[in-house]
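Peer 1: Submitted below is the structure of interest, expressed as structure tokens.
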Amino acid sequence: MRHVLKIASVLSTLTTTTLGHGYVSGIVANGVYTKGWQVSYWYDIVNKVPIPQSPGWYEEALDLGFVAPTEYQTPNIVCHKNAVNANVSASVAAGGTVQFQWTSWPHNIGPVVTYVANCGGDCKSVAKSTLKFVKIDESGINFSTQVWATGVLMANNNTWTTTVPKTLAPGHYVFRHEIIALHGATALNGAQNYPFCVNIDVTGSGTQNPAGTLATALYKATDPGIYFNPYTSLTNYTIPGPTIWKG
């Protein structure tokens, strides 16, 4: 009976999470699909069921929840709740693309951003607190249509494609892809960050290693693109985070 109750509890939790928000469940790098971290893997680990290797970082947002602005200066903002390095990496050529595939996403107010951090070695052992992130992709709101990047993502089958700058030097990188949901941004600490990390090796002949920013220094709760009223016709918007690097 105890075993049955345990299974029932797990199924109940999984059912609840499907009603929540979303996460990056896979990527397509240079046309090759790779499955990412799955929420169900956490339960497999607890029940000692083997899980496949994935370049997606382990994380414990079992409710498909978010990182709040009150946690911007904590390790959870790096790659989500209690994130742990992935043991393997995908691969993409500089100048190529990475498509991030989200599970069903419900909120159409907010920007989409992508960062990279050079691990300076093997990404499976780098300390996440030392990673310095460079923003290589960002999208906020189309002022003509008033459609947010998240609305575009939803209309594109919950996917987002980022082009890797051609001049980025080869190396082992952590790609940090993130939605910042702003449907609650009228209240201080009302924004919701959904960062997810994937190990990806970049190949090619690029030579640039731009300086990055620690994840704990990317945002502040009072940033103008995080704490404001999104329920009005916008004529300007400052996408959170450092200046984008285009190579």
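Peer 1: Determine which aspartates and glutamates satisfy two conditions relative to LYS48: a Cα distance under 13 Å, and not lying fewer than 8 residues away in the same chain.
Peer 2: Within the straight-line limit of under 13 Å, LYS48 reaches no aspartates and glutamates at all.
Peer 1: Same structure, new question: Keeping all protein chains in place and using 1.4 angstrom, which order do TYR227, TYR23 fall into by accessible surface area, from largest down? Display every interim value, and only then the final one.
Peer 2: On the way: TYR227 100, TYR23 25 Å².
Ranked list, largest accessible area first: TYR227, TYR23.
Peer 1: Taking amide hydrogens as modeled 1.01 Å from N in the peptide plane, which residues meet the under 5 Å criterion relative to ALA90, leaving out close sequence neighbours?
Peer 2: Amide H neighbours of ALA90: ASN199, ILE200, ASP201.
Peer 1: Turning to a different aspect of this structure: Quick check for you: which residues of region 198-237 have the amide N under 15 Å from the point 7 Å beyond the Cα of LYS166 toward its beta carbon?
Peer 2: Only 204-208 fall inside the zone, counting backbone N under 15 Å.
Peer 1: Then there is this: Long-range amide H contacts for VAL147: which residues qualify at under 5 Å (H placed 1.01 Å from N, peptide plane, sequence gap of 5 or more or a different chain)?
Peer 2: HN-HN under 5 Å from VAL147: ASN142.
Peer 1: Counting only heavy atoms of the protein chains, get the accessible area per residue of region 76-115 (1.4 Å probe) and round it to a whole Å² value.
Peer 2: Values: 1210 Å² over 40 residues.
Per residue, region 76-115 has an accessible area of 30 Å².
Peer 1: Whose amide H sits under 5 Å from the amide H of SER139, counting only residues 5 or more places off or on another chain, with H placed in the peptide plane?
Peer 2: So SER139 has HN proximity to VAL112.
Peer 1: Could you derive backbone 3J(HN,Hα) for region 120-133 from the dihedral phi with the Karplus parameters 6.51, -1.76 and 1.60 (θ = phi - 60°), listing whole Hz in sequence and x where the residue is Gly or Pro?
Peer 2: Rounded to whole hertz, the list is x, x, 6, 5, 6, 10, 5, 6, 4, 5, 9, 5, 10, 9.
Peer 1: Can you grab the distance from the C-alpha centre of region 141-180 to the C-alpha centre of region 189-247, Å, no decimals?
Peer 2: Distance between centres, Cα-based: 11 Å.
Peer 1: Of the cross-linked pairs LYS81/LYS128; LYS135/LYS220; LYS166/LYS246; LYS124/LYS166; LYS135/LYS166; LYS132/LYS246, which ones have a Cα-Cα span greater than 18 Å in the structure shown? Write out the running numbers ahead of the final one.
Peer 2: Details: LYS81/LYS128 12 Å; LYS135/LYS220 16 Å; LYS166/LYS246 9 Å; LYS124/LYS166 25 Å; LYS135/LYS166 14 Å; LYS132/LYS246 16 Å.
The pairs that break the limit, which is 18 Å between Cα atoms, are LYS124/LYS166.
Peer 1: Ok, one more. Can you pull the percent of region 50-182's accessible area that's carbon plus sulfur, 1.4 Å probe, other chains left in place? Please list the in-between numbers first.
Peer 2: Numbers: 2530 of 5030 Å².
Summing carbon and sulfur atoms, their accessible area is 50 percent of the total for region 50-182.
Peer 1: Could you state how much accessible area THR161 has, in square angstrom rounded to the nearest 10, with a 1.4 Å probe and all protein chains kept in place?
Peer 2: The accessible area of THR161 comes to roughly 70 Å².
Peer 1: Just how many % of Cα pairs in region 142-186 lie over 13 Å apart, if you round to the nearest whole percent? Intermediate values should be presented prior to the final figure.
Peer 2: Numbers: 703 of 990 pairs.
Tail of the P(r) past 13 Å holds 71 percent of the pairs.
The values are calculated or read from the model by the stated rules, or taken from the named source; none is laboratory data. None of these values were measured; they are calculated from a predicted model. Using ideal geometry, Cβ is built from the backbone for each residue, glycine included, and neighbour counts are taken over all protein chains shown. The protein model used for the area step is the full one, side chains on, heavy atoms only, and it has no ligands, DNA or RNA in it. Shrake-Rupley method; radii C 1.70, N 1.55, O 1.52, S 1.80 Å.
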